[in-house]
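Here the structure is laid out as structure tokens; the discussion comes afterwards.
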Amino acid sequence: MTARQCFRLKNRMLVANISANLVAAVVITNLVAPLELLAATQAQVFLIQAISTPILFLIGFIGLVGYELPMRRYLTQCRADGRRLREVPQQVLRRLLNEPFYAMALDLFIWILAAVFWSSYFRYMGEPDHIVKRAFLINLHIGLITIVVAFFLLEHIFQKKLALFFFPKGRIYEVPGTIRVNIRVRLAAFLFACNLIPFFATIQVYFGLTAAEEDPAVVLERLGNALVTNSLVFMGVGLWLWILVSTNLSHPFRAIIRTLSRAREGDFDGRVPVTSNDELGYTGDVINQMTAGLKEREKMRLAMILAREVQQNLLPPGDPAAEGLDIAGISIYCDETGGDYYDFIHYNTGAAEGMPLAVVVGDVSGHGVSAALLMAIARSLLRQRLSLPGDLAAVLNDVNSQLAQDIGISGQFMTLLCLAVNGSAGEIVWVRAGHDPAILYDPAHDHFEPLAGPGIALGVDGASRFTVQRRSHLAEGSIILMGTDGVWEACNPQGEMFGKERVRALLKDHAEEPSGMIRDRLVDRLQAFCGRSDLEDDITLVVVKMDRTRTARGSTDDPHAYEKASS
């Protein structure tokens with residue numbers, strides 16, 4: 001901050017207030033209501049004015065400078081440091097906002113003092129009563145004009161020159177202990193300045209002229225001249241005040257409209273300059289907070305899109321080609337990211353036991369980013385552990401122990417169903433960790449069987465142990481449906497759940513179709529059932545069908561079926 005900038009900031013309000021007093025005094029005393037004094041009095045009035053007027057202005061000067069002392073000290077400190085200090089004392093802000101009202105009170109006091117002084121002086125000099133009364137009314141009139149002009153002028157100076165320095169981030173409305181003037185009061189003051197004050201001035205001139213013992217024709221002529229002069233003067237003052245008021249109101253409105261228009265186009269960098277503590281200032285603060293929130297939300301949306309892409313890459317890129325098996329899976333999230341998980345893992349230990357493929361379906365508590373993070377952690381732990389020796393129970397024991405250490409205090413958990421399958425032999429083994437049992441359907445005997453078993457969710461108790469369940473001699477065409485609770489707990493607009501009965505009925509009706517068709521029909525049926533209602537939970541399902549006609553390289557499924565169904 002330069003010395004010139006510091007000087008201007010310190011004295012703008014002071015100069016504006018002195019100017020308001022000076023203009024009002026010159027206009028009223030010389031144009032609107034000049035006094036016709038006795039010759040003996042006129043000789044002394046000039047000398048008295050030369051002494052009293054500087055004294056009155058000095059009182060106003062000292063009173064206003066004293067009120068501004070905290071602000072002046074702050075600006076001096078800014079000048080010494082060469083920059084605007086980060087923290088502005090509350091006293092400085094409070095006095096700066098209340099200065100127009102303090103200046104109005106100080107000006108009115110000064111002109112009431114002048115009214116008492118001049119009326120007493122003219123009475124002492126032997127002037128007629130109507131001159132004494134007019135002297136009092138003229139000074140009171142000057143005070144009324146001054147406080148109105150000073151208020152609008154000081155408010156204009158604050159908004160255009162000081163607000164952005166002292167309130168670069170806005171939030172003027174939050175400063176405690178300030179006098180707030182709403183738009184209605186401001187317009188009422190404008191009405192008072194442009195209508196009531198001229199009316200009082202005209203009445204004052206009328207009574208002043210008619211009180212004198214003069215010829216009525218002379219009085220009428222002088223009254224006409226006074227009315228014309230008053231009209232011209234107050235039209236000029238009214239025009240000037242209209243410019244100030246319209247500027248103080250129109251500029252914030254234009255800034256608000258411009259910022260909202262940019263936000264509508266997706267540009268959230270716009271900002272409303274907040275320069276007042278009325279409704280417009282409060283609206284500007286709210287809009288600035290709104291655009292900042294929208295900007296952060298847009299960043300979050302883009303981050304969520306990226307997170308969704310990353311998570312989608314963690315899911316299988318397509319359905320696997322496994323000997324003796326026809327497999328299809330899909331996962332649909334209710335948010336950008338979710339906690340549902342499915343995977344197809346070829347692992348060496350299982351191959352040694354005749355189980356070359358592990359099919360995994362999991363469901364993390366909740367959904368969104370936190371669930372997606374836990375899903376990614378669990379996927380990494382599971383894949384890494386399946387590359388080491390041990391059966392499925394040992395795998396889940398180790399994964400559970402590690403997850404419990406990582407997320408035990410968070411309250412999150414993950415249900416999981418891990419199934420290893422040998423399609424050629426028609427054998428499966430599985431471990432259930434708190435997950436819904438898979439549905440096994442034998443079309444030849446029209447028989448449904450749950451693939452259940454003991455086991456709690458992963459991450460709840462690190463000391464828990466899991467056991468392997470087995471099933472052999474699966475008939476050709478048998479179907480295993482593994483899914484999350486979002487499938488059967490999906491609701492329609494009436495609140496009715498889809499339920500497992502509808503799932504079984506669909507498996508029964510389409511048992512002859514490939515697993516990919518069964519998956520797609522189930523998804524279509526779910527979407528038709530839910531209608532326009534949003535999904536309340538993630539949906540994941542895997543269909544495993546025994547098909548010994550298939551070889552590891554002979555799958556006819558589209559390897560990108562998952563991606564198409566998701567899109």
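The values are calculated or read from the model by the stated rules, or taken from the named source; none is laboratory data. As the structure is a computational prediction, the values presented were derived from the model and not from experiment. Backbone-built Cβ (ideal geometry, glycine too); neighbour counts: all protein chains shown.
Key figures
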item: All positions within the range 464-493 that are small (Gly, Ala, Ser) and in contact with a Ser or Thr (Cβ under 8 Å, 6 or more places away or on another chain); result: Gly483, Gly486
item: Selected residue (criterion: farthest from Leu392 (Cα to Cα)) from residues of the range 438-461 that are surrounded by 15 or more Cβ atoms within 10 Å (Cβ to Cβ) and under 45 Å from the mean Cα position of the chain (by Cα); result: Val460
item: Residue ID - surrounded by the most Cβ atoms within 10 Å (Cβ to Cβ), chosen from residues in the range 476-535 that are among the aliphatic types (A, V, I, L, M) and free of Cβ contacts under 8 Å to residues at least 24 places away in the same chain; result: Leu506
item: Residue among Arg264, Arg254, Arg258 that is modelled with pLDDT of 85 or more, under 30 Å from Thr146 (Cα atoms) and exposed (fewer than 15 other Cβ atoms within 10 Å of the Cβ); result: Arg254
item: Subset tally (residues that are modelled with pLDDT of 90 or more, of a type in the set (Gly, Ala, Ser) and closer than 24 Å to Gly368 by Cβ) for the range 405-433; result: 1
item: Flag if Ala393 is assigned to a helix (DSSP H, G or I) and modelled with pLDDT of 90 or more; result: yes
item: Subset of the range 107-141 [within 47 Å of the chain's Cα centre (by Cα) and buried (at least 23 other Cβ atoms within 10 Å of the Cβ)]; result: Asp107
item: Phe234 more than 27 Å from Leu93 (Cβ to Cβ) and assigned to a loop (DSSP other than H, G, I, E, B); result: no
item: Sole exception among (1) under 37 Å from the mean Cα position of the chain (by Cα); (2) buried (at least 19 other Cβ atoms within 10 Å of the Cβ); (3) in a helix (DSSP H, G or I); (4) modelled with pLDDT under 90 for Tyr341, by number; result: (3)
item: Residue satisfying condition, being modelled with pLDDT under 90 and touching a Leu at 6+ places or on another chain (Cβ under 9 Å), within set Arg519, Arg532, Arg550, Arg525; result: Arg550
item: Single unsatisfied condition, Ile327 versus (1) surrounded by 22 or more Cβ atoms within 10 Å (Cβ to Cβ); (2) at pLDDT below 85; (3) in the same structural domain as Glu476 (by TED's automatic domain parsing); (4) hydrophobic (A, V, I, L, M, F, W, C); result: (2)
item: Failed criterion for Asn277 (all others in (1) touching a residue at least 24 places away in the same chain (Cβ under 8 Å); (2) surrounded by fewer than 19 Cβ atoms within 10 Å (Cβ to Cβ); (3) of a type outside the set (A, V, I, L, M, F, W, C) hold); result: (2)
item: Subset of the range 420-435 (residues that are surrounded by fewer than 22 Cβ atoms within 10 Å (Cβ to Cβ) and part of a strand (DSSP E or B)); result: Glu427, Gly434
item: Test: residue in the range 182-189 that is part of a loop (DSSP other than H, G, I, E, B), within 32 Å of the chain's Cα centre (by Cα) and at pLDDT below 85; result: yes
item: Index of the failed condition, Leu153 passing every other in (1) surrounded by fewer than 17 Cβ atoms within 10 Å (Cβ to Cβ); (2) within 14 Å of Met104 (Cα to Cα); result: (1)
item: Some residue of the range 384-393 being of a type outside the set (Asp, Glu), out of contact with any Asp or Glu (no Cβ under 7 Å at 6 or more places or on another chain), surrounded by 24 or more Cβ atoms within 10 Å (Cβ to Cβ) and free of Cβ contacts under 8 Å to residues at least 40 places away in the same chain; result: no
item: Evaluation of Tyr74 against (1) modelled with pLDDT under 80; (2) crowded, with 18+ Cβ neighbours inside 10 Å; (3) not basic (Lys, Arg) (one fails), failing number; result: (1)
item: Gln412, sole failed condition from (1) within 23 Å of Gly390 (Cα to Cα); (2) assigned to a loop (DSSP other than H, G, I, E, B); result: (1)
item: Some residue of the range 363-379 being more than 45 Å from the chain's Cα centre (by Cα) and in contact (Cβ under 8 Å) with a residue 24 or more places away in the chain; result: no
item: Given (1) in contact (Cβ under 8 Å) with a residue 60 or more places away in the chain; (2) under 44 Å from the mean Cα position of the chain (by Cα); (3) more than 23 Å from Ser424 (Cα to Cα), number of the condition Val542 does not satisfy; result: (3)
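Matching residues to (1) within 16 Å of the chain's Cα centre (by Cα); (2) crowded, with 17+ Cβ neighbours inside 10 Å:
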site	(1), (2)
Asp269	yes, no
Tyr282	yes, yes
Ile287	yes, yes
Ala292	yes, no
Glu296	yes, no
Lys299	yes, no
Leu302	no, no
Asn313	no, no
Ala321	no, yes
